[in-house]
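A.B. asks: Here it is, the structure in full.
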Amino acid sequence: MSLTLDEIQNFKGKYPKQIWSLFFSEMWERFCFYGMRGMLVFFMISQLNFHEVEANLQYGATQAFVYAFTFIGGLFADKILGFRKSLFWGGLLMIAGSLILAADPHQFFFLGIAFTVVGTGFFKPNISSMVGQLYKPNDARADAGFSLFYAGINLGALLGGYLCIAIGKGELLDHMIPENLRWNVAFGLAAVVMVISLINFIFTQKSLGTIGLQPGHPLAEVKSVPIPKWKEYGVYVLSLVFVPLIMTMVAKTEYTDYFMWAIGPLTLIYLFYEMTKVTPSERKKLWAALVFILFSILFWGIYEQSGGSLSIFAAKNLNNDLLGLDPNGVNNSGGAFFIIFLAPLIGLLWIWLNKRKIEPNTLVKFGLGFIFLGAGYYVLFATRLFANAAGITSLNFFTIALLIITLGELCLSPIGLSIMTKLSTKNLQGMMMGMWFLASAYGQYVAGIIGAGMATAKEGSTNYDALITYTEGYKQLGLYAVIAGVVLILISPYVRKLMQDVK
Ligand code: GLN
């Protein structure tokens, strides 16, 4: 007997049981995604002989396209496929992408990446939207659920980010894999875990009742309205047509700029059009969602320095006084490591505060997210106080900054997923989740620009000068983050009005 939506949403305890299954599917998907992402720059430079600048630009382009496609994946889920079919199709495309890379990463590099970009677009937003549907619209336990789900994201990110590149470089399993096949196996591993993700999802479906079966119109719970086959296959064919297009655009990074300039405004125009079709009360909620989305661009723009300027800072200006660990390894995986432990705890803290009626509302949580982010960047600035004359400073202190930044991420990122599901109308759930991730695409884009601005070191400057330049930049970013946090808290009464009954 399939569960009804009511039975699913009226669960007892802290978490709905289905969240664990979605946790695992998302964990393996993130393993595949971050595993591949972690190999890109290194592979391009060492195997495809790309220049460093070129490789970084291409990496940035991939990231921008991946997150931009979440909007398209969300939109098709809402209009035609429903969440489940979208997720499954996305997963299959990701498997195809990883297999292509596993077969011959040198020859088919951009083709494999393009498949993964489109696949992630269909998978990523829609699994998050399904988590939201496990809850009734005003269930106070939703933020905790998303925090737990976020731990799954980061567990996958940590494992994939570490294992794939270690295999590719020959630091792991090198005695079992012939040298000429290391990269094939590393990319192949991403395909294997994605298969696990989908098999897990097949079993999960049994406990999801009607969630995600139909596109998100008000009849979503009615099983008897089948999706017209020609439309369904039309989406599959169209998404395959996107593949060579993306392949060309990722390979020539100047297209990324055009694409980024076009997709944001087009998305907004489309949202405004959709807004004309909803009730005034729903429209207000969509405006509130847009406020969160716009602020998140700034958040990710600052946060995503981790992949850019902070990795250069880690390589040049940090010692290894934290257990002898490699500073770049800490910079790459420290955040995910902290999240795995902290996310469930913070989730429980929200529930605990809610019982005592003192849980901060979403705006205050977002505001806190920015303030932690800012405080973290001030600590990065303060690393200069521990520097020696050669411009080398403490990894321990840097790790404290990472911990504070991670606390900020936990106040904003899982909460953002949760609030998108609460503020979107039923038939725009996927698209709004896609917009939330599209903001991340812009965040990555902005992060690259900020990072490049900081990297303009003067001719003949020393390592110590670089430390001063970077830390000065981090102080500025810290200030912007704190200002954004304060502004958010100040405008919270207005935005709360737009949110109405949503907390
Ligand atoms: N790290 C999170 C994830 O992979 C958040 C990504 C984002 O929104 N930028 O899902």
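A.B. asks: Between region 464-503 and region 74-113, what's the alpha-carbon centroid distance in Å?
C.D. replies: Spelled out, the Cα-based centre of one part sits 35 Å from the other.
A.B. asks: Here's a follow-up. Under a straight-distance cross-link criterion of Cα-Cα below 22 Å, which lysines are reachable from Lys475, leaving out those fewer than 8 residues away in the same chain?
C.D. replies: Excluding near neighbours in sequence, the set is Lys316, Lys458.
A.B. asks: Taking the highest mean first, how do the peptides 112-119, 47-54, 483-490, 438-445 order by number of other beta carbon atoms within 10 angstrom per residue?
C.D. replies: Ranking the peptides 112-119, 47-54, 483-490, 438-445 by packing returns 112-119, 438-445, 483-490, 47-54.
A.B. asks: Now a separate question. Per residue, how big is the convex hull of region 1-63 when only Cα atoms are used? Give it in Å³.
C.D. replies: So the per-residue hull volume is 127 Å³.
A.B. asks: Right, something else. Using θ = phi - 60° and the Karplus curve 6.51 cos²θ - 1.76 cosθ + 1.60, what whole-Hz ³J(HN,Hα) does each residue of region 355-364 get, with Gly and Pro shown as x?
C.D. replies: For region 355-364, the Karplus-derived couplings read 4, 8, 6, 10, 5, x, 6, 4, 5, 5 Hz, x marking Gly and Pro.
A.B. asks: Where does the chain land at 222 nm, in deg cm²/dmol rounded to the nearest 500, when only DSSP H runs of n ≥ 4 count, each adding -39500 (n - 2.57), divided by all residues?
C.D. replies: -26500 deg cm²/dmol
A.B. asks: I need the shape label for the chain. Rule: rounded when a/c is under 1.5, else prolate if a/b > b/c, else oblate, with a, b, c from the alpha carbon gyration tensor.
C.D. replies: Here the chain falls in the oblate category.
A.B. asks: Continuing with the same structure: What do the square roots of 5 times the Cα gyration tensor eigenvalues come to for region 193-342, in whole Å, largest first, as semi-axes of the equivalent ellipsoid?
C.D. replies: Semi-axes (√(5λ), whole Å): 38, 24, 21.
A.B. asks: Quick one: of Lys14/Lys422; Lys85/Lys284; Lys14/Lys355, which pairs are farther than 20 Å apart, Cα to Cα?
C.D. replies: In this structure, Lys85/Lys284 exceed 20 Å between Cα atoms.
A.B. asks: Taking the Cα centroid of region 387-416 and of region 257-295, what is the distance between the two, rounded to the nearest whole Å?
C.D. replies: 33
A.B. asks: Fully extended, how many nm does the chain gain between Ala251 and Glu472 (0.36 nm per residue separation, minus their Cα-Cα distance)?
C.D. replies: Separation in residues times 0.36 nm, less the Cα-Cα distance, equals 76.2 nm.
A.B. asks: What translational diffusion coefficient, in µm²/s and rounded to a whole number, does the Stokes-Einstein relation yield for region 360-503 at 25 °C and a viscosity of 0.890 mPa s, taking the hydrodynamic radius as the Kirkwood radius over Cα pairs?
C.D. replies: The Stokes-Einstein estimate is 145 µm²/s.
A.B. asks: Can you give me the relative contact order of the chain as a percent, contacts being Cα pairs under 8 Å and 6 or more apart?
C.D. replies: 25
A.B. asks: Continuing with this model, one more query. With a 10 Å Cβ neighbour count serving as the proxy for reagent exposure, in which order, fewest first, do Ser394, Ser207, Ser296 appear?
C.D. replies: So the residues, fewest neighbours to most, are Ser207, Ser394, Ser296.
A.B. asks: For region 313-385, treating each Cα as an identical point scatterer without solvent, what Debye log10 I(q)/I(0) comes out at q = 0.12, 0.18, 0.23 1/Å?
C.D. replies: Here the Debye-derived log intensity ratios amount to -0.50, -0.90, -1.13.
A.B. asks: Sticking with this structure for a sec: Can you flag which of Lys426/Lys497; Lys79/Lys357; Lys206/Lys231 are past 32 Å Cα-Cα?
C.D. replies: With Cα atoms farther than 32 Å apart: Lys79/Lys357.
A.B. asks: Something else now. Report, in whole Å, the centroid distance computed from the Cα atoms of region 131-193 and region 340-358.
C.D. replies: Region 131-193 and region 340-358 have Cα centres separated by 25 Å.
A.B. asks: By per-residue mean of other Cβ atoms within 10 Å, what is the highest-first order of 268-277, 361-370, 342-351?
C.D. replies: So the order, starting with the most tightly packed, is 361-370, 342-351, 268-277.
A.B. asks: Ok, one more. Using a 10 Å cut-off on Cβ atoms, rank the peptides 105-111, 421-427 from the highest mean neighbour count down.
C.D. replies: The packing order, highest mean first, is 421-427, 105-111.
A.B. asks: When 1/r is averaged over all different Cα pairs and the result inverted, which Kirkwood radius in Å belongs to region 396-478?
C.D. replies: Result for region 396-478 stands at 15.6 Å.
A.B. asks: Something else now. For the pair Lys277 and Tyr494, what calculated FRET efficiency results from E = 1/(1 + (r/R0)^6), where r is the Cβ-Cβ distance and R0 = 35 Å, to the nearest 0.05?
C.D. replies: 0.90
A.B. asks: Right, here's the next one. Check the straight Cα-Cα distances from Lys277 and name the aspartates and glutamates below 20 Å, setting aside those fewer than 8 residues away within the same chain.
C.D. replies: Asp78
Any read-out appearing in this document is the output of simple, stated calculations on the displayed coordinates, not a laboratory observation. Just so you know, these numbers come straight off a predicted model, no measurement behind them. Reconstructed Cβ throughout: ideal geometry from the backbone, glycine too, with neighbour counts over all protein chains shown.
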